[in-house]
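J.: I am attaching a structure below and will ask some questions about it afterwards.
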């Protein structure tokens with residue numbers, strides 16, 4: 001008993017001999033006592049103390065409160081970062097300061113627990129996801145990798161098990177090549193060189209099993225030959241295949257490819273007036289998702305616009321217009337004196353398609369139309385692949401321009417004498433004043449006279465015809481934005 005007592009005394013003497021009363025005991029800062037969920041590389045922090053030059057700190061870390069077999073660290077800073085602590089491990093720690101004069105007392109002992117498993121944030125439980133669904137989780141410092149698994153069974157033991165790894169520096173990653181329309185279970189864990197965490201809670205999600213087509217609408221009509229097909233993006237695929245057929249069973253069809261990032265495509269120019277069926281496939285290396293089948297019908301004919309059908313009093317150089325069709329190269333226009341478009345008096349024109357806004361149009365050349373006559377016209381479109389049916393046939397009646405009692409266009413003209421010889425007088429149904437541009441054409445459309453003339457109170461006097469030969473001519477007068485035409489008959 002005396003020997004035991006003596007040993008205790010010697011131990012106390014030794015303790016007082018190495019502990020310096022001049023060094024304060026460090027105060028611990030973080031982690032807080034009994035703090036849970038700390039990182040495997042948690043930083044131990046305490047308040048610095050004052051001491052002699054060369055002061056440093058000794059840190060003890062242990063898995064038991066008695067520090068039976070502690071790990072010791074030394075540092076001259078007032079903090080020390082751990083590395084690769086065990087996931088879910090409980091640790092105790094304390095610190096003391098040491099300088100040439102001795103050491104301080106040990107600080108209080110604190111306890112902390114390392115995070116047990118990662119927390120999965122996305123996707124939500126029961127969500128419908130893409131075949132390359134993105135996972136998101138909370139970052140854990142001190143982790144080298146995150147592992148995540150997908151399987152069609154909650155036990156994660158089927159042949160479909162997929163195992164992926166991501167860097168410990170990121171908090172999101174994607175799966176790849178999941179089967180369409182399939183229920184998957186997923187989980188996540190963290191690891192570093194010394195340990196691997198427990199798996200996170202298991203969630204289940206279901207991959208997309210529908211493929212939404214957007215345009216053209218089901219059963220749409222009047223679609224132009226350069227129809228654009230549109231769909232909703234499917235993420236995580238390698239490419240799209242587009243199938244187009246003229247029969248709903250796709251016995252014969254054309255196939256087009258689109259990039260995985262595409263949401264629209266224009267196939268080759270389509271035929272006019274044809275019903276088409278189309279379907280799409282979203283493809284990756286392990287599965288294919290088919291869309292439903294839609295149909296649409298392309299425009300069959302051109303729609304005429306102006307002059308309105310059965311119009312009257314139409315000028316002799318009217319502008320014929322029709323609704324623009326995209327995807328065509330040109331238009332064929334026929335203008336005739338009869339609705340059969342046969343015989344003499346049939347004019348055929350080819351008009352290049354334009355890209356400007358507004359309707360397509362064609363101005364009838366001068367000296368083609370006669371006054372007080374009914375004319376018929378129609379148009380069809382021509383693409384790189386097909387020619388449309390003719391449009392509906394429209395007609396119009398031209399303005400009456402009598403020889404003895406000339407009619408007028410717009411402002412109205414009266415020309416006398418008629419027939420004329422060397423000069424004419426021109427009278428308008430208005431009191432306009434100013435300069436007018438007068439042009440006289442022969443029946444072949446050739447300009448014979450063109451000059452600026454003075455208009456006084458709506459009249460032009462003694463318009464010189466020079467030595468024009470006998471015949472019928474067309475006089476065109478333009479003033480202040482007003483255009484008028486009338487026949488002139490010359491007889492010597």
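Every number in this text was worked out from the coordinates using simple rules, so none of it is lab data. All values derive from a computational prediction rather than experimental measurement. A quick note on method: Cβ atoms are made from the backbone with ideal geometry, for glycine too, and the neighbour counts reach across all protein chains shown.
J.: Output the Kirkwood hydrodynamic radius of segment 120-207, Cα pairs only, in Å rounded to one decimal.
T.: 13.1 Å
J.: Starting from a Cα-only point model with no solvent, please compute log10 I(q)/I(0) by Debye for segment 341-492 at q = 0.17, 0.20 1/Å.
T.: Per q value, in the given order, log10 I(q)/I(0) is -1.02, -1.25.
J.: Could you please state, rounded to a whole Å, how far the C-alpha centre of segment 315-376 is from the C-alpha centre of segment 92-140?
T.: The two parts, judged by their Cα centres, are 81 Å apart.
J.: For the chain, count the residues as N, evaluate 2.2 N^0.38 Å, and divide the Cα radius of gyration by that value, please. If you can, show how the numbers build up before the last one.
T.: Numbers: Rg = 47.2 Å, N = 492, 2.2 N^0.38 = 23.2 Å.
Against the empirical 2.2 N^0.38 Å value, I get 2.04 for the chain.
J.: Would you mind listing how long segment 304-398 runs along its three principal axes, going by Cα atoms, in whole Å with the largest first?
T.: 39, 28, 21
J.: Arranged by the count of other C-beta atoms within 10 angstrom, fewest first, what order do 440, 179 take? The partial results should precede the final answer.
T.: Working: 440 21, 179 17.
Taking fewest neighbouring Cβ atoms as first place, the list is 179, 440.
J.: Taking the Cβ of each residue in 122, 203, 378 as the centre, tally the other Cβ atoms inside 10 Å and list the residues starting with the fewest.
T.: Numbers: 122 14, 203 18, 378 22.
If I rank by nearby Cβ atoms, fewest first, I get 122, 203, 378.
J.: Something else about it: Which whole number in µm²/s is D for segment 21-114 by Stokes-Einstein, with the Kirkwood Rh taken over Cα pairs at 20 °C and 1.002 mPa s?
T.: Values: Rh = 13.4 Å.
The Stokes-Einstein estimate is 160 µm²/s.
J.: Once you put a point 7 Å from the Cα of residue 312 and another 7 Å from the Cα of residue 172, both along the Cβ direction, what distance in nm separates them?
T.: 7.2 nm
J.: Return the Cα extents of segment 94-168 along principal axes one, two and three, sorted largest first, each rounded to a whole Å.
T.: 67, 23, 21
J.: Moving to a separate point now. What distance in nm separates the two pseudo spin-label positions at residue 259 and residue 215, each 7 Å out from Cα along the beta-carbon direction?
T.: Between residue 259 and residue 215, the label points sit 2.0 nm apart.
J.: Over all Cα pairs of segment 342-400, how is the pair count split among 5 Å bins, expressed in % and running from 0 up to the last occupied bin?
T.: Taking all Cα pairs of segment 342-400, the binned fractions are 4, 12, 21, 26, 18, 12, 5, 2, 0 percent.
J.: Could you tell me how many degrees, from 0 to 90 and to the nearest 10, lie between the Cα long axis of helix 2-18 and the main elongation axis, the longest principal axis, of the Cα atoms of the chain?
T.: 40 degrees
J.: Over all distinct alpha-carbon pairs, what is the Kirkwood Rh of segment 213-298 in angstrom? Mind dumping the intermediate values first?
T.: Values: mean 1/r = 0.0765 Å⁻¹.
Radius from the Kirkwood sum: 13.1 Å.
J.: Follow-up question, since we're still on this one. What order do you get for 137, 106 when you list them from fewest to most C-beta neighbours inside 10 Å?
T.: Details: 137 20, 106 16.
In increasing order of surrounding Cβ atoms, one gets 106, 137.
J.: Stick to the Cα atoms of segment 74-129, pair each with every other, and give me the Kirkwood hydrodynamic radius in Å at one decimal. Don't skip to the answer; put the middle values down first.
T.: Working: mean 1/r = 0.0656 Å⁻¹.
For segment 74-129, the Kirkwood estimate is 15.2 Å.
J.: Turning to a different aspect of this structure: Give me the percent relative contact order of the chain, please, defined on Cα pairs under 8 angstrom at least 6 residues apart. Spell out each step's value before the answer.
T.: On the way: 1244 pairs, mean separation 41.2, N = 492.
Result for the chain is 8 percent.
J.: Out of every Cα-Cα pair in segment 421-492, what percent are more than 17 Å apart?
T.: Values: 962 of 2556 pairs.
Roughly 38 percent, once rounded to a whole number.
J.: For residue 119 and residue 246, what is the calculated FRET efficiency with R₀ set at 51 Å and r taken between the beta-carbons, to the nearest 0.05?
T.: On the way: r = 55 Å, r/R0 = 1.08.
The calculated FRET efficiency here is 0.40.
J.: Follow-up question, since we're still on this one. For residue 41 and residue 352 in one chain, what is 0.36 nm times their gap in residues minus the Cα-Cα distance, to one decimal in nm? Please list the in-between numbers first.
T.: Details: separation 311, 0.36 × 311 = 111.96 nm, distance 7.43 nm.
Computed gain between residue 41 and residue 352 is 104.5 nm.
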